[in-house]
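Input: a single structure, listed below in C-alpha cells.
The values are calculated or read from the model by the stated rules, or taken from the named source; none is laboratory data. What you see is a predicted model; the values in this text were computed from it and never measured. Cβ placement follows ideal geometry from the backbone for every residue including glycine, while neighbour counts extend to all protein chains displayed. Accessible surface is based on the protein model in full, side chains and every heavy atom, while ligands, DNA and RNA are left aside. Shrake-Rupley method; radii C 1.70, N 1.55, O 1.52, S 1.80 Å.
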Amino acid sequence: MMTRSEQLFARAQAVIPGGVNSPVRAFGSIGMGPRFIASAKGSHMTDADGNDYIDFVGSWGPMILGHAHPAVEAAVAEAAREGLSFGAATEREVEMAELLCRIVPSVEMVRMVNSGTEAVMSAIRAARGFTGRDKIVKFDGCYHGHSDCLLVQAGSGVMTAGVPDSAGVPAGCTKDTLTAPYNCLPAVEALFAANPGEIAAVIVEPVAANMGVVLPEAGFLAGLRRLCDDHGALLIFDEVITGFRLALGGAQEFYGVRPDLSTFGKIIGGGMPVGAYGGRRDVMSVVAPLGAVYQAGTLSGNPVAMAAGLAQLRLLADHPQWYRQLSEAGDRFFGEMQALVREAGRPWQVNHVGSLGSLFCTGEPVRDYASAKTADTARFAAWARHCFAHGIYVAPSQFEAMFLSVAHTDGELDRTLSVLRDYLRTA
C-alpha cells in the first residue's frame, strides 16, 4: 500500500513538473521519494503520514528560531486580520527598512523584494546602473538564484540535477558573466586584468552554502574588497543564507568585511516569501523612483511577511546570547560529527561555521567547487536515507547545508549523532 507521501507525489507528478516546485525537493539524488510535510513546530517536522523528524533544513535556513515560534505566529495572525496585501506602502515596511539599516553594517538604504533570487537580480542591475559597466564576476559553485545571467557554474540543485547549467538561457544572457574558483584571489585578479574598466561587480556567498558549506579562507573576502576598490567595481555579498544567521549583522559583521551591496532572503520574513537588497546610499540612489534603474513588485514589502520578519529579527536583536549559544552548539555538534567519522576510519570532511555545516563524503579538504565535486554522492545518499529512516530530516543532497536553530536541544543533537554512529557501524 502506498504511503500518503507516495500518493501525493504520484498526483503531483501529473500536474507539476517532476512533482515538485523546487528540484531538490524531489529527493532524486538520494534515491527515495519526497516527504510531504503536514506541519512543523520548534525543531521538528511531521509528514503527511504522521512521521516525526528532527529538522536540520529549517526551510533552507530562515527558521533560526525554529518553526512556528509563538511571537512570529502572533505577529502573522495580527497582520493577516488587517489584510493580506495592499499593493501600497505600509508602516511595517518602513520599520523593517529602519531595522535593517540599523543592524547590518553596510546597509544605508534597502529595497524589499519577494525572494533571494529577485534580490540578487535587482542588486546586479543596480550595480551595472551605478558603474555603467556590464560584466560581473561570480564564483564556481556559488548559487545566486535562477535568474538567467547567474546560472553559470551554479551550485545547489544544479549539481545533482544532471545538467551543468540550464536549458532555455540564451548565450547572450551569460556573455558578461565571468567565473572564478572560490577562494582563489589570483583568478579574480586575472579577470580584472583581462577586462579593464568593464567589471561592474563581484558577487560572492561570503560563506558558500550551495555546494555544501565551504568557508572563505583567511584573506579571501578582504582580498575581494581590495580588488574591487582598486578597479572601481562593487562588491556584493549574497547573504541569503548567512544574513542574520552567523551574526545579527550577517557574515559581514562576522568577518569584518563591508560590501557595497548585500542581498537577503526569506529569513527577513521569518520564512515567508520575502527578500531585500541594500547597501551604500549612493549606489541605492540609482533605483527608481529616485534613479534610472527600474525595479518594482506588487508584493514587495508585503505586510504579513513584514510582520513575521520584524517579530523574528527583533527577538534576535534582543537576545544576542542566542548567537553565542548557536555557535557553541554548532562547534560541539559538527565537531563531534567529524570525530565520529574519523573514529570509524572514514576520511570524510565536516565543514562548519557557527550553526551552518555540511558532511562531505570525500577524503579531500573541501575549499572550492572542484573539491566539493569529489564527494561520493552515493555514500551521502545512503547516509541521508538512514537519517530519514530514523527520524532525522537532512537536506536531500550532498551539496546543501545543515542548519541548527535555537529550538534544537542538546538531546536532539545527541540523538542525531547517535544515528550517525549507528550508520557508520553498519555501512
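If only one of V163, V120 is among the β-branched types (V, I, T), in a helix (DSSP H, G or I) and either modelled with pLDDT under 95 or closer than 28 Å to T298 by Cα (or both), which one is it?
V120
Mind listing just one residue for me: the one in the range 348-396 that is in a helix (DSSP H, G or I), open to solvent by less than 10 Å² (accessible area, probe 1.4 Å) and not aromatic (F, W, Y) and, of those, nearest to I241 (Cα to Cα)?
So the residue we want is A372.
Of the residues A296, A288, A308, which is touching a residue at least 40 places away in the same chain (Cβ under 8 Å) and either out of contact with any Pro (no Cβ under 6 Å at 6 or more places or on another chain) or of a type in the set (K, R) (or both)?
After ruling out the rest, the residue left standing is A308.
Regarding the range 73-91, can at least one residue be identified that is of a type in the set (D, E) and buried (at least 18 other Cβ atoms within 10 Å of the Cβ)?
No; the residues of the range 73-91 include none that is of a type in the set (D, E) and buried (at least 18 other Cβ atoms within 10 Å of the Cβ).
When you scan the range 167-244 for helices (runs of 4 or more DSSP H) that lie fully inside it, which ones turn up with 1 or more residues that are surrounded by 15 or more Cβ atoms within 10 Å (Cβ to Cβ) and β-branched (V, I, T)? Lay out the reasoning, then the answer.
Values: elements: 171-174, 185-194, 220-231.
Per the criteria, 171-174, 185-194.
Scan (1) surrounded by fewer than 22 Cβ atoms within 10 Å (Cβ to Cβ); (2) modelled with pLDDT under 95; (3) of a type outside the set (G, A, S) for the single condition E108 breaks and write down its number.
Checking E108 against (1) surrounded by fewer than 22 Cβ atoms within 10 Å (Cβ to Cβ); (2) modelled with pLDDT under 95; (3) of a type outside the set (G, A, S), the one that fails is (2).
Mind checking which residues of the range 218-254 are β-branched (V, I, T) and within 16 Å of A180 (Cβ to Cβ)? Break it down into steps so the answer makes sense when it comes.
So the first thing to find is which residues in the range 218-254 are β-branched (V, I, T), and the list is 236, 240-242.
Of everything in the range 218-254, just one residue is β-branched (V, I, T) and within 16 Å of A180 (Cβ to Cβ), namely I236.
Return the residues of the range 247-276 that are in a loop (DSSP other than H, G, I, E, B), more than 14 Å from I203 (Cα to Cα) and open to solvent by 20 Å² or more (accessible area, probe 1.4 Å); say none if nothing qualifies.
L248, G256, G271, M272, P273
Where the second residue is outside any helix (DSSP H, G or I) and of a type in the set (A, V, I, L, M) and the first is within 17 Å of T46 (Cβ to Cβ) and open to solvent by 100 Å² or more (accessible area, probe 1.4 Å) and lies in the range 1-16, which pairs have Cβ atoms under 9 Å and are six or more apart or on separate chains?
Cβ pairs passing all conditions: R4/A38; R4/A48.
Please state which one of D238, D260, D282 is on the phi < 0 side of the Ramachandran plot, touching a His at 6+ places or on another chain (Cβ under 6 Å) and charged (D, E, K, R). Let's see the steps before the verdict.
Working: D260 fails: touching a His at 6+ places or on another chain (Cβ under 6 Å); D282 fails: touching a His at 6+ places or on another chain (Cβ under 6 Å).
Sole residue among the options that is on the phi < 0 side of the Ramachandran plot, touching a His at 6+ places or on another chain (Cβ under 6 Å) and charged (D, E, K, R): D238.
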